[in-house]
Amino acid sequence: MSISIKICALQKDDLVATTGRLSIPTTTGRIEILPNHIPLITSLDVGVLEWGKAGPSCNRIISHKGLAIVLRDEVKVFVQGWEQAEVREEIANKIPTINSNIASIKEEITDLKANGGKMVNLIQKEHLLGVEKARIDVARRVGLAV
């Protein structure tokens, strides 16, 4: 048995796949979707969306915030955007830069909060922080020590 996945994002072509499992980053935690899953609608957080056989070689993207609709053997994901997760060799070389970005963004968020920064700027920085943290999650999922 399998489930069909359709990922739709603004200004990107739809991503379509068929798989035996899908793991998604909801706003309340990660969930696994398998064939014959109970129907549900859930909001998505920035994070790693993966499908295929679990492990370092499964398919991964970094998805931005959105919504997932699960109808037994069909999942439709609507997100603001997504990017292809890098493979092990690519992400390994970028870990120091990613960690540096995370530290910088956290400082910027602290400054915005302390100095009454605009809410839109705070939201943008928190989104960027989520994307960088998702990159670290990808590194862990492919077996890298972070």
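The values are calculated or read from the model by the stated rules, or taken from the named source; none is laboratory data. A quick note: this is a predicted structure, and the numbers were derived from the prediction, not measured. Note: ideal-geometry Cβ built from the backbone for every residue, glycine included; neighbour counts use all protein chains shown. Accessible surface areas use protein heavy atoms only, side chains included; no ligands, DNA or RNA. Shrake-Rupley method; radii C 1.70, N 1.55, O 1.52, S 1.80 Å.
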Exercise. Looking at ALA68, ALA54, which is the one that is assigned to a strand (DSSP E or B) and small (Gly, Ala, Ser)?
Worked result: ALA68
Exercise. Any residue at all in region 119-141 that is open to solvent by 30 Å² or more (accessible area, probe 1.4 Å) and part of a loop (DSSP other than H, G, I, E, B)?
Worked result: no
Exercise. Open to solvent by 90 Å² or more (accessible area, probe 1.4 Å) and out of contact with any strand residue (DSSP E or B) (no Cβ under 8 Å at 6 or more places or on another chain) - does that describe any residue in region 69-88?
Worked result: yes
Exercise. Looking at region 27-49, which of its residues are open to solvent by 10 Å² or more (accessible area, probe 1.4 Å) and assigned to a strand (DSSP E or B)?
Worked result: GLY29, ARG30, ILE31, GLU32, HIS37, ILE38, PRO39, LEU40, ILE41, THR42, SER43
Seminar exercise, completed: Condition set more than 23 Å from ASN36 (Cβ to Cβ) and free of Cβ contacts under 8 Å to residues at least 60 places away in the same chain, scope region 8-23, selection most open to solvent (accessible area, probe 1.4 Å): answer is ASP13
